[in-house]
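Here the structure comes first, spelled out in structure tokens, and everything after it is commentary.
Read the figures in this text as sums done on the coordinates, not as results from a lab. Keep in mind that what you see is a predicted model, and the values were worked out from it rather than measured. Cβ: placed from backbone, ideal geometry, glycine included. Neighbour counts: every protein chain shown.
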Amino acid sequence: MSIRPIIRYPDTLLKTVCAPVTVFDEALKQLAADLLDTMRAAPGVGITAAHIGVLQRVTVIELDRREGVRVYANPEILWSSDGTSRQMEGSVSMPGATEEVSRPKAIRFRYQNLDGIVHEEDADGFLAVCIQHEVDQLDGIFWLQRLSKLKRDRLIRKWEKIRN
């Protein structure tokens, strides 16, 4: 396990659609372990392989260490509720920058575990937000794209000041 360098906004890799995982082997398990170490060091609650420059559909989420680590390969959202909620979001690729984003309150999603076994689950609350956020990233949609142009421009200016 190791901590890997995180790609920073506005790197174009963050706009790239990730390829599906097709091989479920020790290398995938190592990638997931590295993602966990990197996310904890950042710190963050979610990270995708794209955040470290690996363009595969893998994400790791850990909302609380007591609840455990969730690793999703090839996650896809099957259904989302009409009702929405607003939650502060940010990115390990843009540390220190956060803004409120509106997303569906509940989702149903499908994914594969590290052994390639397909699962379907429902999620709501903060977990649903995190899954949607990370699936967006795997689809090449950086979270800023979910903001109005005014909020996005303001946040980018703030980020540029933080970064410099």
Legend entry - Placed amide H near residue 101: partners under 5 Å, 5+ positions off or other chain: 87, 88, 89
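Sorting 48, 22 on the 10 Å Cβ count, fewest up front, what's the list? Let's see the in-between values first.
Numbers: 48 29, 22 11.
In increasing order of surrounding Cβ atoms, one gets 22, 48.
Let me know the charge dipole size of the chain about its Cα centre in debye, to the nearest 20, where only the beta-carbon of Lys, Arg (+1) and Asp, Glu (-1) is charged.
With only Lys, Arg, Asp and Glu charged at Cβ, the dipole is about 860 debye.
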Inset, instruction - Report the charge-dipole magnitude of segment 73-157 in Debye, nearest 20, computed about the Cα centre from +1 at each Lys and Arg Cβ and -1 at each Asp and Glu Cβ. - result: 580 debye
Inset, instruction - Report the one residue of 30, 142, 52 whose Cα lies farthest in the direction of the positive end of the charge dipole of the chain (charges on C-beta: Lys and Arg +1, Asp and Glu -1; origin at the Cα centre). - result: 142
Inset, instruction - Report the local net charge at residue 22: Lys and Arg +1, Asp and Glu -1, summed over other residues whose C-beta lies under 14 Å from its C-beta. - result: -1
Legend entry - Nonlocal Lys pairs with alpha-carbon distance under 29 Å, segment 12-163 (8 or more apart, or different chains): 12
Inset, instruction - Select from 51, 119, 133 the residue whose mean-square fluctuation is largest in a Gaussian network model of the chain (Cα-Cα springs shorter than 10 Å). - result: 119
Legend entry - Cleavage-rule hits (trypsin sites (Lys or Arg not before Pro)) in segment 48-90: DSSP loop, at most 16 neighbouring Cβ within 10 angstrom: 65, 66
Inset, instruction - Between residue 113 and residue 145, with labels modelled 7 Å along Cα→Cβ, what's the label distance in nm to one decimal, could you check? - result: 3.2 nm
Legend entry - Three-way shape label, the chain, alpha-carbon gyration tensor, a/c 1.5: oblate
Legend entry - For segment 19-91 and segment 110-164, distance of Cα centres in Å: 10 Å
Inset, instruction - Output ³J(HN,Hα) for segment 88-105: one whole-Hz value per residue in order, computed from phi by the Karplus curve 6.51 cos²θ - 1.76 cosθ + 1.60 with θ = phi - 60°, and x for Gly and Pro. - result: 5, 10, x, 8, 5, 8, 8, x, x, 10, 9, 7, 7, 10, 9, 9, x, 5
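Counting only other residues whose beta carbon sits under 11 Å from that of residue 138, what net charge do I get with K and R as +1, D and E as -1?
Numbers: positive: 57; negative: 76, 134, 136, 139.
With Lys, Arg at +1 and Asp, Glu at -1, the net is -3.
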Legend entry - Per-residue HN-Hα couplings for segment 110-117 [Karplus 6.51, -1.76, 1.60; θ = phi - 60°; Hz; x = Gly/Pro]: 10, 7, 10, 7, 5, 9, x, 6
